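What follows is calculated from the coordinates using simple rules that are stated; it is not laboratory data. Source: prediction; values computed, not measured. With ideal geometry, Cβ positions are generated from the backbone for all residues, glycine too; neighbour counts draw on all protein chains shown.
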Amino acid sequence: MKRQIDCKNLSLGYGSKIVLSGLNFSVSEGDFLCIVGENGSGKSTLMKTLLGLQKALGGEIKFDGLKPSDIGYLPQQTPAQRDFPASVREIVLSGFTAKMGLRPFYSATEKKSAENNMKKLGIESLSSKCYRELSGGQQQRVLLARALCSAEKILLLDEPVTGLDPQAQAEMYEIIKNLNKSGVTIIMISHDVNSIVKYSTHVLSLGKNTFFFGSVNDYINKNIDKNINKNKNFRGGDTLHE
Amino acid sequence: MNDVLQTFQEYLSLPFVRYAFVVVTLIALCSSLLGVTLVLKRFSFIGDGLSHVAFGAMAVASVLKLSGFENMLVVMPLTVVSAVLILKTGTNAKINGDASIAMISAGSLAVGYMLMNKFPSSSNISSDVCSTLFGSSSILTLKSSDVLFCTVMAVAVLGVFVLLYHKIFSVTFDENFASATGVNADRYNLLIAIITAVVIVTAMNLVGSLLISALIIFPPLSAMRVFKSFRSVMICSAVTAVVCSSVGIAVSILLSTPVGATIVCADIVSFAIFSAISKK
Ligand SMILES: Nc1ncnc2c1ncn2[C@@H]1O[C@H](COP(=O)(O)OP(=O)(O)OP(=O)(O)O)[C@@H](O)[C@H]1O
Ligand SMILES: [Mg+2]
């Protein structure tokens with residue numbers, strides 16, 4: 001499979017504060033990479049660095065055949081202001097702005113595809129509602145629909161199911177899985193071990209000084225060895241950590 | 001009543017009254033559109049801040065004995081640079097947007113006032129200061145070149161807002177998402193900073209800095225009380241601004257009240273009306 005992202009000896013952080021260093025991993029077309037680690041281990045920072053929102057403090061990130069406009073992104077929290085007037089449709093469509101280039105308005109295809117994405121996430125009935133008046137879970141779906149609009153080749157998700165009810169979580173994972181099947185590379189931050197085992201092909205685990213990067217099977221085996229209980233059935237919601 | 005209409009018609013037949021109408025309406029339109037973005041980006045004070053910068057810059061210009069058009073060559077670049085600085089610091093968390101505006105505005109007001117005192121260009125400093133804040137009576141002495149300049153500016157601002165509407169929405173709503181997916185957010189922020197500076201400098205020369213801040217914040221805030229999508233807020237804000245400024249000028253002519261202050265009062269009334277509607 002073709003390499004899409006290659007990170008060598010990457011260091012991340014804020015200003016002079018290094019959060020992580022010496023990180024090596026790569027992502028190929030069609031991969032489903034899960035990033036795991038404790039709160040504060042630098043998962044979101046890594047994602048922001050990959051997206052170019054944050055400067056890497058050292059090392060290199062190489063992209064192959066990826067333009068920024070091929071990328072979809074679901075942030076962990078959107079600091080959208082409490083009083084921002086925006087309808088669901090306006091927000092979902094804004095996933096296409098990068099693809100517009102100099103064209104000032106959305107094309108009919110883009111409108112259609114936004115409509116489809118809203119349907120996929122079951123929010124088509126909310127499309128003219130005001131975003132700030134939705135519940136947290138509904139807002140999450142709106143932002144995922146926006147991410148789907150912009151994700152052509154790769155989708156980065158920062159804890160996509162946080163705040164969703166179990167039914168919606170399962171649906172969300174199905175959507176992500178189908179997207180992955182259709183050839184879109186997925187990078188997802190998650191604390192939910194069941195879903196990692198079920199859906200991902202690769203795992204990147206971030207710890208204080210220990211990293212793990214490899215296929216999901218290696219990850220499971222390694223953790224079973226380390227696990228004193230030798231408990232094969234991971235409990236959902238637990239964070240695996242070396 | 002007929003008397004009033006009669007007087008009004010007489011006034012309207014005077015060219016300088018028509019000029020004032022056109023100029024104020026265009027400025028109100030531009031600043032209300034810009035205002036939606038600025039209010040949502042938490043830069044409501046930028047009107048105040050930048051007009052103080054422009055005041056300081058004008059003091060520098062008058063010390064250099066520049067006048068008229070040359071004036072603008074000093075004032076415009078300085079204000080544009082400050083606008084860029086303010087809007088930039090907003091995104092970097094070390095100094096908050098509001099704090100940086102307060103710093104820059106208080107700083108340039110002080111420097112400007114000191115320069116004006118030390119190197120007075122006219123004998124009456126406090127009237128100079130007063131006219132920068134409240135707009136000189138010059139609003140009724142506008143020339144046709146002022147009208148032309150204002151029209152060109154308004155067309156440019158409107159053009160930007162129509163052609164880049166979706167990008168401006170994207171960058172205002174979620175700058176991180178926009179730049180992560182390949183929208184050049186910095187470029188649009190820079191553009192907004194430049195437009196802001198140009199509108200404010202133009203407007204404060206003509207209508208004074210107090211009025212320009214009001215024109216930037218009142219119409220968007222009124223619109224946001226009632227409307228819940230970005231587009232409807234934009235449209236409502238523009239319409240409100242135009243209506244309020246027209247009513248304001250009309251009233252100020254009929255009751256011979258100060259133009260700027262009357263328009264702001266009209267804006268306050270409209271805000272009260274919109275608030276009442278939203279409570280229903
Ligand atoms: N804007 C910032 N400035 C400085 N330090 C930051 C900033 N954001 C995060 N950090 C620090 O960087 C470290 C990693 O944060 P990050 O948000 O990447 O963690 P995370 O792995 O995503 O955690 P979580 O599971 O809670 O989402 C933390 O120690 C945090 O304190
Ligand atoms: Mg995080």
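Worth pointing out:
- All lysines inside 27 Å of B:LYS118 as judged from Cα atoms, apart from same-chain residues fewer than 8 positions distant: B:LYS65
- Measuring between alpha carbons in the structure, the pairs from A:LYS208/B:LYS88; A:LYS129/B:LYS167; A:LYS43/A:LYS208; A:LYS129/B:LYS280 lying more than 23 angstrom apart are A:LYS208/B:LYS88.
- Taking 0.36 nm per residue of separation and subtracting the Cα-Cα distance, full extension of the segment from B:ILE268 to B:MET114 would add 52.1 nm.
- Loop-located trypsin sites (Lys or Arg not before Pro) across region B:141-236 with a Cβ neighbour count of 13 or fewer within 10 Å are B:LYS143, with loop assigned by DSSP.
- Partner shielding of B:178-188 amounts to 6, given as the average count of beta-carbon atoms from other chains within 10 Å of each residue beta-carbon.
- Here is the list for region A:1-41: trypsin sites (Lys or Arg not before Pro) lying in DSSP coil, each with at most 14 other C-beta atoms within 10 angstrom of its C-beta, are A:LYS2.
- From helices alone, chain B scores -28500 deg cm²/dmol at 222 nm; the rule is -39500 (n - 2.57) for each run of n ≥ 4 DSSP H residues, then divide by the residue total.
- 3J(HN,Hα) from dihedral phi, region A:10-19, Karplus parametrisation 6.51/-1.76/1.60, rounded to Hz, x for glycine, proline: 6, 10, 10, x, 10, x, 8, 8, 8, 8
- Magnitude of the charge dipole for the protein assembly as shown, about its Cα centre and with charges confined to Cβ atoms of Lys, Arg (+1) and Asp, Glu (-1), is about 820 debye.
- Highest average packing first - A:46-52, A:216-222, Cβ atoms within 10 Å: A:46-52, A:216-222
- Using a Gaussian network model of chain A in which every pair of alpha carbons under 10 angstrom is joined by a spring, one finds that among A:ARG146, A:ARG89, A:ARG132 the greatest mean-square fluctuation is at A:ARG132.
- Highest mean packing first, where packing is the average number of other Cβ atoms within 10 Å per residue, the peptides B:28-34, A:189-195, B:2-8 line up as B:28-34, A:189-195, B:2-8.
- GNM top mover of B:VAL183, B:VAL60, B:VAL233 - chain B, alpha-carbon springs below 10 Å: B:VAL183
- For peptide B:159-169, the mean count of partner chain Cβ atoms within 10 Å of a residue's Cβ comes to 3.
- Treating r as the C-beta distance of B:MET103 and B:VAL63 and R0 as 25 Å, the FRET efficiency rounds to 0.65.
- Within chain A, percent of DSSP bridges classed antiparallel, to nearest 5: 50 percent
- Listed residues A:PHE84, A:LEU156, B:ASN189: farthest to the positive end of the dipole of the protein assembly as shown (Cβ charges): A:LEU156
- Neighbouring Cβ atoms from other chains, within 10 Å of the Cβ of residues in B:219-229, number 3 on average.
- Computed over region A:79-152, relative contact order equals 50 percent, with contacts defined as Cα pairs under 8 Å that lie 6+ residues apart.
- Converting phi to 3J(HN,Hα) with the Karplus coefficients 6.51, -1.76 and 1.60 and the offset θ = phi - 60°, region A:110-125 yields 5, 4, 4, 6, 5, 4, 4, 5, 5, 4, 3, 9, x, 10, 5, 6 Hz in sequence order, with x at every glycine or proline.
- Theoretical ellipticity at 222 nm over chain A - DSSP helices of four or more residues, -39500 (n - 2.57) apiece, nearest 500: -9500 deg cm²/dmol
- The charge dipole of region A:79-152, taken about the Cα centre with unit charges on the Cβ atoms of Lys, Arg (+1) and Asp, Glu (-1), comes to about 80 debye, rounded to the nearest 20.
- Net length gained if the chain between A:SER26 and A:ASN217 were fully extended (0.36 nm per residue, minus Cα distance): 67.1 nm
- Taking every C-alpha pair closer than 8 Å and separated by at least 6 residues, the mean separation divided by the residue count of region A:1-87 gives a relative contact order of 34 percent.
- Region A:26-155 - charge dipole about Cα centre, Lys and Arg +1 at Cβ, Asp and Glu -1, debye rounded to 20: 320 debye
- Region A:101-141 and region B:197-242 have their alpha-carbon centroids 28 Å apart.
- For the protein assembly as shown, the equivalent ellipsoid built from the Cα gyration tensor has semi-axes of 53, 26, 18 Å, listed from largest to smallest.
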